[in-house]
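Take a look at the structure below.
The values are calculated or read from the model by the stated rules, or taken from the named source; none is laboratory data. These figures come from a predicted structure and were not determined experimentally. Using ideal geometry, Cβ is built from the backbone for each residue, glycine included, and neighbour counts are taken over all protein chains shown. With ligands, DNA and RNA removed, areas are computed over all heavy atoms of the protein, side chains included. Shrake-Rupley method; radii C 1.70, N 1.55, O 1.52, S 1.80 Å.
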Amino acid sequence: MRISEMNWMMVEKYLERDDRAVLPLGCTEQHAYLSLSTDSILAERLAVEACEPVGIPVFPLLAYGITPYFRAFPGTVTLRVETYLRVVRDILDAMHEHGFKRILIVNGHGGNTPAQGLVGEWMADHPGLRVKFHNWWNAPKVWAQVKAIDPVASHASWMENFSWTRLAKINVPAEQKPMSDLERLRCFDPKSVREYLKDGNYGGLYQRDDEEMMKIWGTAVEETRGLLMQAWG
């Protein structure tokens with residue numbers, strides 16, 4: 001049910017029986033030894049796996065996000081907050097115009113959270129429409145699963161290291177990296193962020209067993225699908 005695999009007539013037919021859709025939000029930014037598209041890969045894959053059994057369409061992922069602090073890492077692309085919010089608003093406006101009234105946003109990047117404030121404003125301007133903003137990686141059930149496996153987990157650490165975010169022939173360090181001082185980190189400019197983080201991992205092991213990772217992923221898929229199936233207010 002990817003929109004990219006549908007034509008307009010198929011979408012129109014779908015809207016005759018349902019008004020739900022999913023919009024994944026990602027980012028293109030450094031993730032240490034993992035893909036620069038890690039946040040995008042995870043958000044889109046999660047959206048598709050959650051929606052496929054219930055036949056809800058997934059719109060193309062917004063692959064660029066808000067990540068100015070990583071600008072000193074080559075390959076990172078950031079949008080200005082005002083640009084990002086305008087793009088998200090325009091996407092929601094278009095979806096609404098065509099008849100989608102219940103929209104789940106699956107967000108894969110913490111820097112995109114200004115869009116959550118926009119969603120509240122947008123719904124206030126569109127009575128009767130519902131949008132759920134889902135930060136999948138720290139949603140209650142997923143985060144509980146992460147903490148049960150290893151409480152030392154962070155950006156670009158093991159918790160984002162799935163078989164589909166790894167790069168071929170890239171070996172990661174075996175040791176656990178000490179956690180960074182996040183309060184201190186928030187005060188740094190991009191150059192200082194790179195100097196402080198070194199490889200980009202905030203702290204924790206770089207990789208854990210795939211069996212453990214699939215437990216997290218299974219929980220994420222179920223939790224996301226639950227948001228689609230539960231009451232919308």
* Structure fact -> In whole percent, the Cα-Cα distances of region 1-86 spread across 5 Å bins from 0 upward as 3, 15, 20, 18, 14, 13, 9, 5, 2, 0
* Asked: For the Cα atoms of the chain, what angle does the longest principal axis make with the long axis of helix 81-98, in degrees from 0 to 90, nearest 10?
  -> 30 degrees
* **Angle between the chain longest axis and helix 38-51 axis [Cα atoms, degrees, rounded to 10]** => 40 degrees
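Could the peptides 111-117, 11-17, 161-167 be put in order, highest first, of the mean number of other beta-carbon atoms found within 10 Å of their residues?
Taking the mean over residues of other Cβ atoms within 10 Å, the ranking is 111-117, 161-167, 11-17.
Which length gain, in nm to one decimal place, applies between residue 163 and residue 175 when the Cα-Cα distance is subtracted from 0.36 nm times their residue separation?
Values: separation 12, 0.36 × 12 = 4.32 nm, distance 1.92 nm.
Net length gain for the segment: 2.4 nm.
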* **Mean separation of Cα contacts under 8 Å, 6 or more apart, over the residue count of the chain: relative contact order %** => 24 percent
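Just the number please: accessible area per residue for region 173-223, 1.4 Å probe, all protein chains included, in Å².
On the way: 3130 Å² over 51 residues.
With the other protein chains kept in place, region 173-223 gives 61 Å² per residue.
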* Asked: Which value in deg cm²/dmol, rounded to the nearest 500, describes the helix-derived mean residue ellipticity at 222 nm for the chain, given -39,500 (n - 2.57) per DSSP H run of n ≥ 4 and division by the residue count?
  -> -12500 deg cm²/dmol
* To do: Taking the chain as the reference, fit the longest principal axis to its C-alpha atoms, fit the long axis of helix 114-125 to the helix C-alpha atoms, and give the angle between the two in degrees, 0 to 90, nearest 10.
  => 20 degrees
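Pairs of alpha-carbon atoms within less than 8 angstrom and 6+ residues apart define the contacts here; what relative contact order does region 58-117 have, in percent?
Numbers: 32 pairs, mean separation 21.1, N = 60.
So the answer I get is 35 percent.
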* **Charge context of residue 42, other residues only, Cβ under 11 angstrom, K/R +1, D/E -1** => -3
* Can you give me the relative contact order of region 1-139 as a percent, contacts being Cα pairs under 8 Å and 6 or more apart? -> 29 percent
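So if R0 is 30 Å, what FRET efficiency would residue 185 and residue 149 give, r being the distance between their Cβ atoms, rounded to the nearest 0.05? Walk me through the numbers before you get to the answer.
Working: r = 24 Å, r/R0 = 0.80.
Step by step, r from the Cβ atoms, then E = 0.80.
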* At q = 0.12, 0.20, 0.23 Å⁻¹, base-10 log of I(q)/I(0) for region 112-233 (Debye sum, equal scatterers on each alpha carbon) -> -0.61, -1.16, -1.29
* Averaged per residue, what accessible area in Å² does region 1-112 show with a 1.4 Å probe, protein chains only? -> 45 Å²
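Would you mind checking the pairs 177/215; 147/215; 101/132; 13/101; 141/177; 177/198 and listing those with alpha carbons more than 19 angstrom apart?
Numbers: 177/215 23 Å; 147/215 12 Å; 101/132 11 Å; 13/101 15 Å; 141/177 25 Å; 177/198 11 Å.
With Cα atoms farther than 19 Å apart: 177/215; 141/177.
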* Structure fact -> Share of accessible surface on carbon and sulfur in the chain, whole %, 1.4 Å probe and ligands ignored, is 52 percent
* With no solvent and one point per C-alpha, what does the Debye sum give as log10 I(q)/I(0) for the chain at q = 0.15 Å⁻¹? -> -1.04
